[in-house]
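S.K.: Right, I'll just put the structure down here and ask away after.
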Amino acid sequence: MSNTVLLEVKEQIGYITINRPEALNALSSQVLSDLDRVLDEIKGNDDIRVVIVTGSGEKAFVAGADIKEMDKMTPTEAFEYMTYANDVFSKLEQLRQPTIAAVNGYALGGGMELALSTDIRLGHEKTLLGFPEVGLGIIPGFAGTQRMPRLIGTSKAKELIFTARHVKAEEAVALGILNRLVPAENLLEEAENLARSIMKNAPLAVEKAKHVINVGIDLPLQNAIRLETEAESLLFSTEDKVEGMGAFVEKRKAVFKRK
Ligand code: DAK
């Protein structure tokens with residue numbers, strides 16, 4: 001079996017590692033189909049509570065779509081490749097588990113777009129992000145023209161996309177692309193700490209919060225508020241809601257069961 005994407009599960013955290021360090025983890029079609037398979041495994045694994053996505057090696061998270069592969073594509077092949085990649089990235093975005101990108105170096109083009117498909121992004125001082133596409137005669141093709149403006153606003157997104165410039169880590173935090181920076185040697189550890197601070201809460205509540213935010217953001221406000229109300233009422237039927245409130249009243253630590 002191909003191993004361009006690795007999945008490891010430790011203490012209820014699923015680690016996805018894009019594993020082509022010799023090509024700075026560039027997204028080939030093999031990577032996309034391996035990522036697709038790994039996401040299906042995660043979807044079916046109730047033991048995984050949070051997912052961390054990172055890149056193999058010291059230099060890159062993902063240095064974009066594989067330019068050498070893309071170079072030879074016909075328009076029809078490009079359409080199919082992009083449609084498939086968008087399905088895979090949407091699968092990542094819609095995982096019920098919260099996802100954290102540990103952006104350990106270059107996150108360019110498709111790499112930035114992969115990171116944008118996660119819920120929370122951590123970087124370090126050498127993390128460099130950008131959309132080089134217009135310099136290659138194309139535009140971001142894995143939903144960067146859509147997810148980035150939704151995250152940071154249209155004007156700032158346009159500046160990044162039109163200029164194709166590299167954005168340093170501090171600026172990426174100021175823009176709201178990265179949640180925060182941590183020392184490079186602690187990046188994975190900080191991602192794990194963040195994962196654990198999510199995992200101490202009621203799993204169904206966290207999953208519902210993710211769903212309501214992701215779906216609600218594209219709805220008119222009143223419909224989104226209604227979605228929230230319905231999700232909240234459903235959580236009132238869970239054992240974990242009884243446990244969470246009971247533990248507060250009894251002044252003890254809640255033990256959640258995802259029920
Ligand atoms: N694709 C393929 N190989 C890559 C690569 C990439 N994106 N990025 C790096 N590599 C390979 C290099 O070719 C080199 O391989 P060898 O020559 O040793 O065989 C190896 O990784 C190490 O890279 P460098 O020697 O270049 O390393 P440096 O430290 O000097 O430079 C760099 C690091 C990240 C600045 C540089 O590698 C670089 O600029 N990489 C390309 C960044 C980039 O432009 N990425 C693509 C963004 S465009 C669509 C599908 C997808 C998309 C759009 C449309 N359709 C199907 C319609 C999205 C496109 C993108 O993501």
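Only the coordinates and a few stated rules stand behind these numbers; no lab work does. These numbers come from a predicted model, not from an experiment. Note that each Cβ is placed from the backbone with ideal geometry, even for glycine, and that neighbours are counted across all protein chains shown.
S.K.: For the stretch 159-176 and the stretch 37-97, write down the distance between their C-alpha centroids in whole Å.
M.R.: When both Cα centres are located, 22 Å separates them.
S.K.: I would also like to ask the following. Report the longest stretch of the chain that contains none of the GluC sites (Glu not before Pro) sitting in a DSSP loop with at most 11 other Cβ atoms within 10 Å.
M.R.: In short, 126-249.
S.K.: Taking amide hydrogens as modeled 1.01 Å from N in the peptide plane, which residues meet the under 5 Å criterion relative to residue 20, leaving out close sequence neighbours?
M.R.: Residues meeting the amide H criterion: 25, 56.
S.K.: Tilt of helix 29-43 relative to the longest C-alpha principal axis of the chain, in degrees (0 to 90, nearest 10)?
M.R.: With rounding to tens, the tilt is 0 degrees.
S.K.: Give me the dipole magnitude in Debye, nearest 20, for the chain about the Cα centre, with unit charges on the beta carbon: positive for Lys and Arg, negative for Asp and Glu. Don't skip to the end; give the middle numbers.
M.R.: Details: 31 positive and 37 negative charges, 142 e Å.
I would put it at about 680 debye.
S.K.: Hey, which of these cross-link pairs are over 22 Å Cα-Cα: 10/200; 59/168; 91/210; 43/208; 91/168?
M.R.: Details: 10/200 16 Å; 59/168 14 Å; 91/210 14 Å; 43/208 15 Å; 91/168 28 Å.
In this structure, 91/168 lie more than 22 Å apart at Cα.
S.K.: How would 16, 213, 161 line up from fewest to most surrounding beta-carbon atoms within 10 angstrom? Could you put the intermediate results ahead of the total?
M.R.: On the way: 16 25, 213 13, 161 20.
Ordered from fewest to most neighbouring Cβ atoms within 10 Å, 16, 213, 161 come out as 213, 161, 16.
S.K.: How do 28, 117 rank when sorted from fewest to most other Cβ atoms within 10 Å of their own Cβ?
M.R.: Ordered from fewest to most neighbouring Cβ atoms within 10 Å, 28, 117 come out as 28, 117.
S.K.: Could you tell me how many degrees, from 0 to 90 and to the nearest 10, lie between the Cα long axis of helix 239-249 and the main elongation axis, the longest principal axis, of the Cα atoms of the chain?
M.R.: Around 60 degrees separate the two axes.
S.K.: Using DSSP, restrict attention to beta bridges with both residues in the chain and report what percent are antiparallel, rounded to the nearest 5.
M.R.: On the way: 8 of 29 bridges.
Percentage antiparallel, nearest 5: 30.
S.K.: Further, regarding this structure: Pairing the Cα long axis of helix 203-216 with the longest principal axis of the chain, what angle in degrees results, from 0 to 90 and rounded to the nearest 10?
M.R.: 50 degrees
S.K.: In nm, what is the difference between 0.36 nm times the number of residues separating residue 59 and residue 73 and their Cα-Cα distance?
M.R.: 2.3 nm is the gain from fully extending residue 59 to residue 73.
S.K.: Once the Cα atoms of the stretch 25-176 are picked out, what are the Rg and Dmax in Å?
M.R.: So, for the stretch 25-176, Rg and Dmax equal 14.8, 44 Å respectively.
S.K.: Working from the alpha-carbon coordinates of the chain, get Rg over Rh, Rh being the Kirkwood radius.
M.R.: 0.99
S.K.: Per-residue HN-Hα couplings for the stretch 155-167, Karplus 6.51 cos²θ - 1.76 cosθ + 1.60 at θ = phi - 60°, whole Hz, x for Gly and Pro?
M.R.: Once rounded to whole Hz, the list reads 5, 5, 5, 4, 4, 5, 6, 5, 8, 6, 6, 7, 9.
S.K.: Let me ask something additional. Out of the chymotrypsin sites (Phe, Trp or Tyr not before Pro) in the stretch 205-259, which ones are loop residues according to DSSP with at most 12 other C-beta atoms within 10 Å?
M.R.: For chymotrypsin sites (Phe, Trp or Tyr not before Pro) across the stretch 205-259 that sit outside H, G, I, E and B with at most 12 neighbouring Cβ atoms in 10 Å, the list reads 236.
S.K.: Then there is this: Please name whichever of 221, 123, 136 sits farthest to the positive end of the charge dipole of the chain, dipole taken about the Cα centre and charges placed at Cβ: Lys and Arg +1, Asp and Glu -1.
M.R.: 221
S.K.: Could you tell me the ratio Rg/Rh of the stretch 96-159? Both radii from Cα atoms, Rh via Kirkwood.
M.R.: For the stretch 96-159, the value is 0.97.
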